[in-house]
1. Output the peptides 106-115, 28-37 sorted from most to least packed, where packing is the average of other Cβ atoms within 10 Å over each peptide's residues.
2. What does the charge count near Pro62 come to, summing +1 for each Lys or Arg and -1 for each Asp or Glu among other residues with Cβ under 13 Å from its Cβ?
3. Based on the Kirkwood radius over alpha-carbon pairs, what value in µm²/s does the Stokes-Einstein equation return for the translational diffusion coefficient of the chain at 10 °C and 1.306 mPa s?
4. So, counting K/R as plus one and D/E as minus one, what does the shell of residues with Cβ under 10 Å around Gly87 add up to?
5. May I ask which residue of Phe312, Val275, Ala289 lies farthest towards the positive end of the charge dipole of segment 24-354, with charges of +1 (Lys, Arg) and -1 (Asp, Glu) on Cβ and the Cα centre as origin?
6. Could you order the peptides 52-60, 224-232 from most to least packed, using the average number of other C-beta atoms within 10 Å per residue?
7. Quick test of the membrane-span-like rule: which DSSP H helices of the chain reach at least 15 Å along their long axis (C-alpha atoms) with mean Kyte hydropathy at least 0.5?
8. With +1 assigned to the C-beta of every Lys and Arg and -1 to the C-beta of every Asp and Glu, and no other charges, what is the dipole magnitude of the chain about the Cα centre in debye, to the nearest 20?
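Read-outs throughout are calculated quantities, based only on the coordinates presented, and are distinct from any laboratory measurement. Note that the coordinates shown come from a computational prediction; the quantities given were computed from them, not determined experimentally. Here the Cβ positions follow ideal geometry from the backbone for every residue, glycine too, while neighbour counts run over all protein chains shown.
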Amino acid sequence: MIRDLWQKLIAPIDGPLVGFTGLLLLTAMITMASASPERMMAQLVNLAVALAVMRIVAQIPPQRLMHLALPIYVIGVLLLIAVALFGDISKGARRWLNLGFMRIQPSEFMKIAMPLMLAWYFQKHEAMLRLKDYAVATLILIVPVALIVKQPDLGTAVLVLAAGFYVIFLAGLPWKVIIGLAVAAAAAAPFAWSLLHDYQRNRILTLLDPEKDPLGKGFHIIQSTIAIGSGGILGKGWGQGTQAQLDFLPERHTDFIFAVYSEEFGLIGNLVLLVLYSLLIGRGILIAANAATLFARLLAGAITLIFFTYAFVNMGMVSGILPVVGVPLPFISYGGTALVTLCLGSGILMSIHKNRMLVQK
């Protein structure tokens, strides 16, 4: 009976991807129950909505997604403009749009809208790609990124920028152009430093020397690295992490949930989590390699690399090797908008896998 149910409901939309995603979500619920039990019910509601979105999107053929790419991108940019004009201000940033019955963070959905739009653009110009096409794609990318930086939300801006760059790179951007851009970026670094907000500069300086202000700007990094290190090989056990349970660890249910997980499950638990992410990313790459069209290949590849970027940046900042930029741990951190966006990405991968042949049997 279970096998029949699997074959009818799960296997057609890619069983391995469902399995890896499900194990990450299960890990999330276990960790959340320890890190912030009072938020469990709200996160379960977020999870139900995210899974429903994933299941619905998995049924939409990539051809239909391609037709929706341009309107989704335009709507996303218009919402970002609306945030700049009318958005709610919280903690000095204007990132949320109040719709009356709910608040949304449009920048989150640009992580999917951006690769959708650029994959559509390159599919449209597939016959003969020229440097002009890459320049237009860069302009398409820069507009929403600039609006997100203005909010300011550097973490989300980095992820949206990465999502768009992955599509441009996978579309065949010449290496000489990439090297030239890297050199130009390095040369412009001093100018870019002057454009950063004070708190953004402080995050970078704190990364270099967190002990300079241990009770202020360096507190997050110091406490998270203590939590990770104190977990040892096997961890202290579920619900036994002192850094989290005694409230030393800030933002333990969102950006720093990896520190909670590390303290409680140790190095072995971290290796298991890394294996799960590796399997998820590997499956996404395989789906991209077997996609039927350029649009599907670019979209699947970009979404998969977004998952990698989420995990790499979050683990890096919590471990003290990257600045704190407010990037959640994918599928694990608390939050509805980010979870829906990630499950939306998984649903798109499932759709691409399901429609991997140009002619369906």
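1. Values: 106-115: 26.7, 28-37: 19.3.
So the order, starting with the most tightly packed, is 106-115, 28-37.
2. Details: positive: Arg64, Arg297, Lys354, Arg356; negative: none.
Cβ neighbours under 13 Å give a net charge of +4.
3. Details: Rh = 21.4 Å.
My calculation gives 74 µm²/s for D.
4. Details: positive: Arg94, Arg95, Arg103; negative: Asp88.
Neighbour charge sum, excluding Gly87 itself: +2.
5. Value: Ala289.
6. Numbers: 52-60: 16.9, 224-232: 20.0.
Averaged packing, sorted descending, gives the order 224-232, 52-60.
7. On the way: long enough: 15-35 (29 Å, 1.62); 40-58 (26 Å, 1.89); 62-86 (34 Å, 1.87); 106-124 (26 Å, 0.32); 131-150 (28 Å, 1.80); 154-170 (24 Å, 2.38); 175-195 (29 Å, 1.60); 198-208 (16 Å, -0.51); 219-230 (16 Å, 1.10); 257-289 (37 Å, 1.69); 294-319 (37 Å, 1.63); 336-354 (26 Å, 1.23).
Counting only whole DSSP H runs, the qualifying helices are 15-35, 40-58, 62-86, 131-150, 154-170, 175-195, 219-230, 257-289, 294-319, 336-354.
8. On the way: 26 positive and 17 negative charges, 218 e Å.
Roughly 1040 debye for the chain.
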